[in-house]
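A.B. asks: Submitted below is the structure of interest, expressed as structure tokens.
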Amino acid sequence: MTTDLNTVPFVSVENMMRLTHETGIEEALAEIAGYIEDDFRRWPLFDKTPRVASHSEVGVIELMPTSDGTEYGFKYVNGHPKNTKEGLQTVTAFGLLADVDTGYPVLLTEMTVLTALRTAATSAVATKYLARRDAKVMAMIGNGSQSEFQALALHKICGIEEVRLFDTDPNATRKCAENLKGTGLRVVSCATGQEAIEGADIITTCTADKQNATILTDNMVGAGVHINAIGGDCPGKTELHRDILMRSDIFVEYPEQTRIEGEIQQLAQDHPVTELWQVITGEITGRRDDRQITLFDGVGFAIEDFSALRWVRDKLRTSNRFDMLDMIADPDDPRDLFGMLLREKQRMAAA
């Protein structure tokens, strides 16, 4: 990729899909997971703040910024569960990566597909460090847009061999099962959540309703299970019964955000949790034994998006899956922006 400071590479949805297929979906998930691990290992370097959220009765719109001091990234993302009934995506997103030294953007990209990839990659990273080493069976509760990505990420990165599917909408389960054909996973469609969880070593919950729900009850979760609870992403939206949290060792991305939006919003503000980066760096032990229940309360954090943006930026060095956008004004004299505007008027008149 060759560029100048005044044009910015833009990755459209079409080009993101093609970039992903050129890499291979599972390989893309593994590569993004590697970037996430790398950035979690240098977690203290990053600016960190809970995402800036604008809530409404029907959804949320958020900005998610961070910087490592050299590069700056942000993502715009929404979450509107009602959209599916209107033929629209529940989640849409775009993001930007910029150079801290100049403030100039170096990448603009769609992030609806990319967020699906990075969310699954993050779950796989957490599972890699927290699940039992012999874990082979995964229950996927909620079979919407994220489900296939989750299954493939854990298949590639964690060695999962079987995925057991359940959704309150049987059509979603049929869709997911069909999409996972030929992936090497053994796919079992289940009629109830309880059936899906039977024999599962890992339980992933990812539902979209913006409400406090009880997708898992305490009696459904046995010793030694690892749970990825990734459906929580806003105040008043949870998936797990509180008693499950009380029995689990809880791991989070950024406590200040998770206490607002995650499963732990049900608990006291001082309830102990462990930050995932501390496990990845070896500062704190994650799984201690095979009977421990581990819970990754994943709400998504800006550093994961930063990692995904870096992955795209680096992929474009050997790929042409982008368009150049004329985004930065470039007057002959940096102080004479108005003069540039006047000269354009003259060119228009002469045309």
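The values are calculated or read from the model by the stated rules, or taken from the named source; none is laboratory data. Source: prediction; values computed, not measured. FYI the Cβ positions are ideal-geometry reconstructions off the backbone, even for glycines, and counts take in every protein chain you see.
A.B. asks: All but one of (1) within 18 Å of the chain's Cα centre (by Cα); (2) in contact (Cβ under 8 Å) with a residue 24 or more places away in the chain hold for Glu62, so report the exception by its number.
C.D. replies: Going through (1) within 18 Å of the chain's Cα centre (by Cα); (2) in contact (Cβ under 8 Å) with a residue 24 or more places away in the chain one by one, Glu62 breaks only (2).
A.B. asks: Considering the range 72-95 alone, what residues qualify as being at pLDDT below 90 and in a strand (DSSP E or B)?
C.D. replies: Gly79
A.B. asks: Out of the residues in the range 296-315 that are over 17 Å from Phe94 (Cα atoms) and more than 17 Å from the chain's Cα centre (by Cα), state the one that is surrounded by the fewest Cβ atoms within 10 Å (Cβ to Cβ). Break it down into steps so the answer makes sense when it comes.
C.D. replies: Narrowing the range 296-315 to residues over 17 Å from Phe94 (Cα atoms): 296-299, 314-315.
Adding the requirement that they be more than 17 Å from the chain's Cα centre (by Cα) leaves 314-315.
Values: Asp314: 13, Lys315: 19.
Out of the qualifying residues, it is Asp314.
A.B. asks: Which members of the range 13-33 meet the condition of being loosely packed, with under 15 Cβ neighbours inside 10 Å and among the small types (Gly, Ala, Ser)?
C.D. replies: Hit for the range 13-33 is Gly24, nothing else.
A.B. asks: Taking the range 90-104 only, how many residues are out of contact with any helix residue (DSSP H, G or I) (no Cβ under 9 Å at 6 or more places or on another chain) and surrounded by fewer than 19 Cβ atoms within 10 Å (Cβ to Cβ)?
C.D. replies: 6
A.B. asks: Can you name the residue in the range 132-176 that is in a loop (DSSP other than H, G, I, E, B) and among the hydroxyl-bearing types (Ser, Thr, Tyr) and is also surrounded by the fewest Cβ atoms within 10 Å (Cβ to Cβ) among such residues?
C.D. replies: Looking at the filtered set, the residue picked out is Thr168.
A.B. asks: Looking only at residues in the range 53-89 that are over 28 Å from Leu316 (Cβ atoms) and β-branched (Val, Ile, Thr), which one is surrounded by the fewest Cβ atoms within 10 Å (Cβ to Cβ)?
C.D. replies: Ranking the qualifying residues of the range 53-89, first place goes to Val58.
A.B. asks: Go through the range 105-116 residue by residue and tally those that are surrounded by fewer than 24 Cβ atoms within 10 Å (Cβ to Cβ), aliphatic (A, V, I, L, M) and out of contact with any Pro (no Cβ under 9 Å at 6 or more places or on another chain).
C.D. replies: Of the residues in the range 105-116, 2 are surrounded by fewer than 24 Cβ atoms within 10 Å (Cβ to Cβ), aliphatic (A, V, I, L, M) and out of contact with any Pro (no Cβ under 9 Å at 6 or more places or on another chain).
A.B. asks: In the range 186-206, what count of residues is obtained for those that are part of a loop (DSSP other than H, G, I, E, B) and either surrounded by 22 or more Cβ atoms within 10 Å (Cβ to Cβ) or not small (Gly, Ala, Ser) (or both)?
C.D. replies: Counting residues in the range 186-206 that are part of a loop (DSSP other than H, G, I, E, B) and either surrounded by 22 or more Cβ atoms within 10 Å (Cβ to Cβ) or not small (Gly, Ala, Ser) (or both) gives 6.
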